[in-house]
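These notes concern the structure reproduced below.
Coordinate-derived values only; no laboratory data. Predicted, not measured: the structure shown is a model, and the values here were computed from it. All Cβ positions, glycine included, derive from the backbone under ideal geometry; neighbour counts span all protein chains shown.
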Amino acid sequence: MISSTMQDTIAETTSYIWIDNPASLARMLAKLRAAPAVAVDTESDSLYVYFEKVCLLQFSIPGADYLVDPLNVDVTPLGELFAAEEQQKVFHAAEYDIVCLKRDYGFTFSNLFDTMIAARILGWKHYGLAPIIEEHFHVRSDKR
């Protein structure tokens, strides 16, 4: 448990590894498969289309943060990662991400953990990722 006397901190800037070709995707997958859990997030764009499309995938494991450009690299190999039962995939508000990934790529999913659902089950008053991180870990994220 974090001491209530701990001063708030601002999350440090992290350098990301940009994935936009098959070789870098293969290297990333090797690292992700070796981790017991992988944090996942997606960004989608629906500005000029009826249905949004996934335009960025983000993966984090201890010591590495990856940004995958699905517009420039075939992300089909990620299907094995998402379907792997032995490895936990951690999302926040996973429903939208999963709907988009299933629709766009046909991925199936196994062993998911959703931090938003966990917050609700625990009775926390805030469900958004930024308030959860700030309230429970005393870290403020700057999304600018």
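Points worth noting:
- Calculated mean residue ellipticity at 222 nm for the chain: -9000 deg cm²/dmol, from DSSP H runs with n ≥ 4 weighted as -39500 (n - 2.57), summed, divided by the residue count and rounded to 500.
- Between helix 22-33 and the chain: long-axis angle, C-alpha atoms, 0 to 90°, nearest 10: 40
- Ranked by the mean number of other Cβ atoms within 10 Å of their residues, highest first, the peptides 115-126, 83-94 fall in the order 83-94, 115-126.
- Zone of ALA64's modelled label, taken as backbone nitrogen in region 77-107 under 17 Å from a point 7 Å along Cα→Cβ: 77-82, 87-90
- A straight chain from TYR127 to LEU112 at 0.36 nm per residue would run longer than the Cα-Cα distance by 3.7 nm.
- (i) 16.5, 59; (ii) 14.8, 44; (iii) 16.2, 49, with the label sought being that of the calculated Rg and Dmax of the Cα atoms in Å: (iii)
- Acute angle (nearest 10 degrees) that the helix 94-105 long axis makes with the longest principal axis of the chain, alpha-carbon atoms: 10
- Of the residues ASP45, ASP97, ASP69, the one that moves most in a GNM of the chain with alpha-carbon contacts below 10 Å is ASP45.
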